[in-house]
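Since the structure comes first, as structure tokens, the remarks are kept for the end.
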Amino acid sequence: EESNIRLVFLTGLYKFMELSMFSTLNNLRDISFDINAGSLVGYTEKEILKYFPDHIKALKAKHNMQDDEDVMNTLREMYNGYRFGLNTLNGKLSDPIYNPFAINYVFRDLQLSDNWSLSGSASMLSAKLVATGAHYTSLLEISIDKLRTSYKPSDMSLQSLMYYGGYATIDSYDKASKKVTLKVPNSSVEKHLADNYLAAVFSKAGLTSFDAIIQDICDLLNQTPIAA
């Protein structure tokens, strides 16, 4: 019963569900870009250092690293970089946060893994990219108003799909144009996205000539970083 509900917190699919929610929920406050809420859905570096010192030391010993900072440098590169909060008055961004699921897997197994990616796929995004002939690195600018707007998944722009799917995050904001520049947050996401993009390219219909396949390979080698 509505009278018994004091607080509701919705995450994830809210931006898609908002269009069809019944009218009694039309007074929800959207804090998706609230700078004060920017670290709600991940670990800050301060939190990792404060709550996981034993795990950091165990990971260091497991992988024969020299010191704790070597561990943190690796974790930053692979799992950090998400920024969700934005102050449009001064362009300030919230502190970067780590993917909490990725960090939980790493500290549980003491392996620098990408197990978090098994729970999701960038196949829909990759299929749309291939269908439009676009590469994800060329689609990293969008107005803040368009990014705030709720759409059905089928109607969302590629930039919005990347952002709300977790494959891009806010890198900077330009007050004059009111546009945000996005970026792929870290190497772990980059690898996952590149894998799905490659799979979409080689599964698309209409590749009937060897020359077309070779051209796609050349384009991907030029645009997609390949891990050593």
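The values are calculated or read from the model by the stated rules, or taken from the named source; none is laboratory data. Small disclaimer: the values here were computed from a predicted structure and weren't measured. Cβ coordinates were reconstructed from backbone atoms using ideal geometry, including for glycine residues, and neighbour counts include every protein chain displayed. Ligands, DNA and RNA are stripped out before the accessible areas are found, and what is left, the full protein with its side chains, is counted by its heavy atoms. Shrake-Rupley method; radii C 1.70, N 1.55, O 1.52, S 1.80 Å.
The set of residues from region 1-43 being modelled with pLDDT of 75 or more, assigned to a helix (DSSP H, G or I), open to solvent by less than 60 Å² (accessible area, probe 1.4 Å) and over 30 Å from Leu112 (Cβ atoms) comprises just one member, Ile35.
When you check Gly85 against the structure, is it crowded, with 18+ Cβ neighbours inside 10 Å and in contact (Cβ under 8 Å) with a residue 24 or more places away in the chain, yes or no? Yes; evaluated as a whole, the condition is true for this residue.
In region 92-195, counting only strands (runs of 3 or more DSSP E) that sit wholly within it, the ones holding 3 or more residues that are open to solvent by less than 70 Å² (accessible area, probe 1.4 Å) and in contact (Cβ under 8 Å) with a residue 12 or more places away in the chain span 169-174, 179-183. Which of the residues that make up region 148-194 are over 29 Å from Val106 (Cα atoms), at pLDDT below 90 and among the aliphatic types (A, V, I, L, M)? Those that are over 29 Å from Val106 (Cα atoms), at pLDDT below 90 and among the aliphatic types (A, V, I, L, M): Met156, Leu158. If only residues of region 44-66 that are of a type in the set (D, E, K, R) and surrounded by fewer than 11 Cβ atoms within 10 Å (Cβ to Cβ) are counted, the one that is farthest from Pro96 (Cα to Cα) is Asp54.
Scanning region 196-215 for residues that are at pLDDT below 70 and outside any loop (DSSP other than H, G, I, E, B) yields Phe210, Asp211, Ala212, Ile213, Ile214, Gln215.
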